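Comments concern the structure below.
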Amino acid sequence: MAAQSLYRRYRPQRFSELKGQEHIVRALKNSIVNSREGHAYLFSGPRGTGKTTTARILAKVLNCDSPVDGEPCCACPSCLAVQTGNSFDVIELDAASNNGVADIREIIASASLGSPGRHRVFILDEVHMLSKSAEAALLKTLEEPPPGVVFVLATTDPQKVGETIRSRTQHLQFHLLQESELEEHVRWVVADAGLDVSPETIEAVVRQGAGSVRDTLSALELAVAVGGIAEEATPVDEFVEALVAYDAGRLLAAVAQSVSLGREPRSIVDDLVAHLRDCFLSQMAPELVQLSERRSAEVSDQAQRLGTPRVVKIIETLGQTINDMKGAPDPRVVLEVSLVKLVHRELQMGVEALMARIERLEREIENRPVIAPAPVNPSTGRAVLGGRVKDPSTPTPRAETPAPVPEPTTSVAPPPAASTDAPVTATTMSAADVVTNWSTAVINEMKGMRRAVAQMAKPAHRDGTIVLVVDNEHAAKRVKEYLTDITDVVHRAGAGKCPVIIETRPDDSKPIAKKRVVEDETIDIDEIKNLPTVSEKDVTDSLAEMFPGSVIETVEE
Ligand SMILES: [Zn+2]
């Protein structure tokens, strides 16, 4: 393995060697060929996409003794001086560490000492880090640039660069590379450097690099150094999955794994916050997410599973964690406590968390193969094999018998005009049958929130229409949300295309506070507990498992 890093060794020396930035290469080469190069550029884009590399190639071609079609020759003394970092024509400054007005004044002073016939290129990296006064000083120079001077301002965060600066520069935006482009590049580097790397490792490093050439080649270098296996040192996805599953044990295991791989607790939080910020943006402003297409899709999926309110809550909590870590004797403990709090059921079981959990469980159930239970004969309580239940008390499929639920005393819903849609009589179970067997034929066919909401309504049968009678407008609204689902189940149960409508029957005898109680009662906690989860482990058990020999005590306040 050469001492020189792969990124430096394979740093592009010509525009044609730049990967994935064809739009920028075209713009720059055109301006050079036509001698119309700008005096100030703003290069923005994620790290490792070639901003300073491009700035150096620009410096090289502007001072090259024999440029060809807008490309440097890479052989003349000037080109070689730039390549070895010994050129007086290229001045690089990291604004993150030289962000004061004095640093900028020094640059301006040196810029005014231009040498005739030559271009001096000033590269200011991370220019958004400049102080306001330094930015003001720079602005004056950009307004009246000394002859032969080109400023290249590079930034990963163009929104933080003042508008006055941006308006005086030519803004070129660098993009992350597509996985196919990166993979091709990695294969070429592997072949050229004669590295012994498996195709699986190449795939893994491309994934880890997430569109950045520098990060990808760093990952490749690490993989080569440890014998060709790419170790995913930052399982940020593991943290997110554990948060999705409210799994404290999994979170603590992820912390332990990261720390054992040499990660500082503080940098774990930083990575997690940066990742959750992407999650948040993927929902609120996807155009601001600077990730490869594939990664963007993964992040968006995570964000949906966490839910935006929870993403915000976690970012807030972790922000506080960063503060708490400062000066803490053991930052790891601060991190662990904070993560456990984020998934602790008793602290989290607010209505929102509960809803999110129910929705997740419902999705899990939906993705599972469904084996429908056989219908149950209500008279025997036994499953009926090979046929549908026929209630002997209901003589015909088109029964006009009164509904088992009394007619509403006050009706605020429109009359069931939908009864023009005649029920299909091909099945043995009529609409009236379905109402009679409501609990087994309909309620038992539903799970989770659908089931809870369906139970808010009392079914009635009227002229071939099933009427879902509810107590109040709130219940009507909830039932309406799931009306399609309930109707599907009713039709599947055998009631053909029988219309299903909602009718509100206000119950004045109930106090207003009852509404809240009704809402709580409809969520069957025992049922939720019995549904399968990713982790069945209790937080306490997980904690005890993580710290062998420990005793967990409950402390009363
Ligand atoms: Zn040259």
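Worth pointing out:
- Among the residues of the range 341-366, those that are at pLDDT 85 or above and surrounded by 19 or more Cβ atoms within 10 Å (Cβ to Cβ) comprise 342, 343.
- Filtering the range 444-461 to residues that are within 13 Å of residue 489 (Cα to Cα) and open to solvent by 10 Å² or more (accessible area, probe 1.4 Å) leaves 444, 445, 447, 450, 451.
- Count of the range 221-243 residues which are buried (at least 19 other Cβ atoms within 10 Å of the Cβ) and at pLDDT 90 or above: 4
- Flag if residue 84 is out of contact with any Ser or Thr (no Cβ under 7 Å at 6 or more places or on another chain) and either away from the ligand (no atom under 16 Å from the Cβ) or farther than 24 Å from residue 124 by Cβ (or both): no
- Checking residue 64 against (1) in contact with a Cys (Cβ under 6 Å, 6 or more places away or on another chain); (2) away from the ligand (no atom under 16 Å from the Cβ), the condition it does not meet: (2)
- The residues listed here are 118, 56; of these, the one that is over 28 Å from residue 213 (Cβ atoms) and within 16 Å of the ligand (Cβ to nearest atom) is 118.
- Residue that is farthest from the ligand (Cβ to nearest atom) [pool: residues in the range 92-107 that are among the aliphatic types (A, V, I, L, M) and surrounded by 16 or more Cβ atoms within 10 Å (Cβ to Cβ)]: 101
- Unique match (being touching a residue at least 24 places away in the same chain (Cβ under 8 Å) and under 31 Å from the mean Cα position of the chain (by Cα)) among 139, 124, 222, 172: 172
- Filter pass, residue 89 being out of contact with any Pro (no Cβ under 7 Å at 6 or more places or on another chain), over 20 Å from residue 21 (Cβ atoms) and more than 16 Å from the ligand (Cβ to nearest atom): no
- Sole residue being of a type in the set (Gly, Ala, Ser) and open to solvent by less than 40 Å² (accessible area, probe 1.4 Å), chosen from 297, 248: 248
- Of all the criteria given as (1) within 11 Å of the ligand (Cβ to nearest atom); (2) under 19 Å from residue 170 (Cα atoms), the one not satisfied by residue 75 is (2).
- Qualifying positions in the range 27-49 - open to solvent by 10 Å² or more (accessible area, probe 1.4 Å) and either within 16 Å of the ligand (Cβ to nearest atom) or not in a helix (DSSP H, G or I) (or both): 29, 32, 33, 34, 35, 36, 37, 38, 39, 46, 47
- Answer residue from the range 159-214, given it is closer than 19 Å to residue 23 by Cβ and in contact with a Phe, Trp or Tyr (Cβ under 9 Å, 6 or more places away or on another chain) and is most open to solvent (accessible area, probe 1.4 Å) among those: 173
- Pairs meeting the criteria (first residue in the range 56-80 and under 15 Å from residue 24 (Cβ atoms) and open to solvent by 60 Å² or more (accessible area, probe 1.4 Å), second residue more than 6 Å from the ligand (Cβ to nearest atom) and part of a helix (DSSP H, G or I), beta carbons under 9 Å, at least 6 apart or on different chains) are 56/82; 56/83.
- The listed residues are 328, 253, and the only one of them that is among the small types (Gly, Ala, Ser), over 25 Å from residue 212 (Cβ atoms) and not in a helix (DSSP H, G or I) turns out to be 328.
The values are calculated or read from the model by the stated rules, or taken from the named source; none is laboratory data. Small disclaimer: the values here were computed from a predicted structure and weren't measured. Neighbour counts run over all protein chains shown; Cβ positions are idealised from the backbone, glycine included. The accessibility values were calculated without ligands, DNA or RNA, using every heavy atom of the protein model including side chains. Shrake-Rupley method; radii C 1.70, N 1.55, O 1.52, S 1.80 Å.
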